[in-house]
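Worksheet for the structure shown next.
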Amino acid sequence: LIAKNTDFYAAPGTPQAQAVAQAFSDSLLASATVLSLPHPESKAVLIDASALLFNDIPGYSTKLESAYRLPYAYDRSNSSFSKVYAEEKLSGLLVNSHFFTPRIAAAPLLPSPVALPTPPLTTPDPRSFFVGFYYSFSALPATPMRARLADDRLGHFVSTSHDFSDDLTPSTARYFVNRWRLEKTKTEAEPSLALSEPKQPIVYWLDQNIPEKYRATISAGVLEWNKAFEKIGFKNAIVVKQQSDKDQFDTMDANHASIRWFVGSDVGFAIGPSKVDKRSGEILDADIAVSDIFSRGIRRAVAEDMHTTALGSTQTNHLDCNFTQLASIEMGFAIDLLEARGALDMAGPKAEELAQAYLKHVIMHELGHSLGLRHNFRSSTIYSMKQLQDPAFTKQHGMAGSVMDYLPFNLSAKGEVQGEYLMSSLGPYDYWAISYAYQEFAAEQESAELAKIAARSTEAALSFATDEDAVPGLLSDPEVNSFDLGSDPLAYFQKRLLLSRELWDRLQDKIKNQQLKTGDSYEALRRSFEYGFSQFSRSLPLATKYIGGTSFLRDHAGTARATFTPVAVEQQRLALKIIAD
């Protein structure tokens, strides 16, 4: 089992191709002895699948050691196949892999200067547990999809390779947009309909393990993206299907894009990894997994007075998207504040409506990743706070330029009109990014047409900045943040601090008015108190970005806009005053 090296390339049949083959190595993942001669008719050969797959191919023991600081090893003798599935174009094998460590070290006599992780706490014996790995084998497309070069003015995931075919170009790097193969249906009678269904739509299967009450909401979050595809001529570009008892395939198969549900003792995140043909950037499969933080997690936190550390961690997922984990804390703050205001009953219909709206928001975000879109952390600044208080406006235009931002709950202060709490539709940037990745062009026109699309980057509604732009550092743009909202981030920070103060005052009143009975736990009050501090911990570091800060744009030459602009001194002074106060 060889992992082919696709990072380096030269035109086949050229001397440069020979040089590349000699310079860069493939990797061996596993090997197994051939057990038979080729079959006289099918030419198939037999191998022992356990010899091939009962290995730590993903390098999971390293992840376990990183998490627990224990030397877990792969145990071939106690691993097994749980499921085998085969069809004409695909084979899938589920391996129940056993990991173990001979012993758990005794606690040190003296306290460690750094906090040490505990052994696994959810297994009967922390020295042993099983992890399922689903290996899916499928051939690559016989003809690679036509690759589309990326543009840094928009945010798409890319397949990167280095082309050594020409030694005169200053850079060898090629960046292909990761996208599904979507082609319009054309007939001789009507060769170019303005709106037509694709030859093969993008199909997402809902796994059987998704609770029935959330399936309609998840479908709505997926199908929301069809609005963007309709703008570029695709009708029903995305289709949702429900896996039934009659469907024997596993939704983790390489030819079934899927959405799955999962549970755990303290999980609160969603992931959306995809599998890509590195030759062209074609997305072949994507699998979104969603935890039950939206349905059970936060309600359980309120009902059982769980500590905030059980609501999310800082670990990121396969796409470096920790939106859902961080947003679970945001959701906890919002629910505590609404509950303290008397505006929310956790057992009532409004709480159910809020949970469903939040789930749709998260599905829209993760679905965007599975379509090839990266984060856009500048998009939250395109609308004013007044516009955000108008539900009719946000339902039509979105609460931000893109659902690919990390957006907080849209909470109004006392006396203000309350708008939509969560983003319920796509933003203008989402339509633009989909257009660049998926709009069809004749080969000879594609470069010029894509340049026209990318040139729209100067439009305010299409403002874009992504992960590397949001990292505090030498160039720290105060307009590029996660969990801010509105055209004036400083005003938003001040408002959030006021909301924290409101929450604390209401908690203080609860104590003064003796609403706690003798013997009641203070844990609920402590949780709410810490949620208030979570807003401080998010807001104040972002305010510091204004002091000596610089805004920067991804413009290409010719726009007449400055690439770098120092923050106005008045804003710097206001930020310093907020921090000092």
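The values are calculated or read from the model by the stated rules, or taken from the named source; none is laboratory data. Just so it is clear, the model here is predicted, and its values are computed rather than measured. Methodologically, a virtual Cβ is constructed for each residue, glycine included, from the backbone with ideal geometry; neighbour enumeration extends over all protein chains shown. Side chains included, ligands, DNA and RNA excluded: accessible areas come from the protein's heavy atoms. Shrake-Rupley method; radii C 1.70, N 1.55, O 1.52, S 1.80 Å.
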**Message:** Kindly evaluate residue 128 against the criterion of being farther than 24 Å from residue 255 by Cβ and among the small types (Gly, Ala, Ser).
**Reply:** yes
**Prompt:** So which pairs qualify, if the first residue must be in segment 23-35 and within 15 Å of residue 76 (Cα to Cα), the second must be assigned to a helix (DSSP H, G or I) and open to solvent by less than 90 Å² (accessible area, probe 1.4 Å), the Cβ gap must be under 6 Å, and the two must be at least 6 apart or on different chains?
**Reply:** 30/52; 32/51; 32/52
**Request:** State all residues of segment 349-364 that are more than 14 Å from residue 216 (Cβ to Cβ) and either modelled with pLDDT under 95 or open to solvent by 10 Å² or more (accessible area, probe 1.4 Å) (or both); if no residue qualifies, say none.
**Result:** 349, 350, 351, 354, 358, 361, 362
**Request:** Return only the number of the condition from (1) of a type outside the set (Asp, Glu); (2) within 23 Å of the chain's Cα centre (by Cα); (3) modelled with pLDDT of 60 or more; (4) open to solvent by 50 Å² or more (accessible area, probe 1.4 Å) that residue 316 does not satisfy.
**Result:** (3)
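Taking segment 430-463, which residues are under 17 Å from the mean Cα position of the chain (by Cα) and of a type outside the set (D, E, K, R)? Before the answer, list the steps.
Just the residues of segment 430-463 that are under 17 Å from the mean Cα position of the chain (by Cα), to begin with: 430, 433-434.
Result: 433, 434.
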**Request:** Test residue 532 against the criterion of being open to solvent by 30 Å² or more (accessible area, probe 1.4 Å) and over 23 Å from residue 379 (Cβ atoms), and give yes or no.
**Result:** no
**Complete:** Taking segment 490-509 and keeping residues among the charged types (D, E, K, R) and open to solvent by 70 Å² or more (accessible area, probe 1.4 Å) leaves 501, 505, 506, 509
**Request:** State all residues of segment 544-581 that are open to solvent by 70 Å² or more (accessible area, probe 1.4 Å) and on the phi > 0 side of the Ramachandran plot; if no residue qualifies, say none.
**Result:** 558, 560
**Selection within segment 495-510 - of a type outside the set (Lys, Arg) and over 16 Å from residue 339 (Cβ atoms)** = 497, 498
**Request:** Kindly list, by first and then second residue, each pair from a residue in segment 206-228 that is over 18 Å from residue 403 (Cβ atoms) to a residue that is among the basic types (Lys, Arg) and part of a helix (DSSP H, G or I), limited to pairs with Cβ atoms under 9 Å and residues at least 6 apart or on different chains.
**Result:** 206/215
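Any idea which of 480, 471, 417 is β-branched (Val, Ile, Thr) and open to solvent by less than 30 Å² (accessible area, probe 1.4 Å)?
480
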**Fill in**
Counting only helices (runs of 4 or more DSSP H) entirely within segment 9-105, those with at least 2 residues that are open to solvent by 80 Å² or more (accessible area, probe 1.4 Å) and on the phi < 0 side of the Ramachandran plot are 15-23, 60-68
**Restricting segment 390-403 to residues that are modelled with pLDDT of 95 or more and touching a Ser or Thr at 6+ places or on another chain (Cβ under 7 Å), the residue that is surrounded by the most Cβ atoms within 10 Å (Cβ to Cβ)** = 402
**Asked** Cβ-Cβ below 6 Å, separation at least six or inter-chain, first residue in segment 5-16 and of a type in the set (S, T, N, Q), second at pLDDT below 95 and surrounded by fewer than 16 Cβ atoms within 10 Å (Cβ to Cβ): which pairs?
**Response** 16/165
**Asked** If you go through segment 458-475 one residue at a time, do you hit one that is among the aromatic types (Phe, Trp, Tyr) and touching an Asp or Glu at 6+ places or on another chain (Cβ under 8 Å)?
**Response** no
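Can residue 383 be described as over 23 Å from the mean Cα position of the chain (by Cα), buried (at least 21 other Cβ atoms within 10 Å of the Cβ) and within 24 Å of residue 564 (Cα to Cα)?
Answer is yes for this residue.
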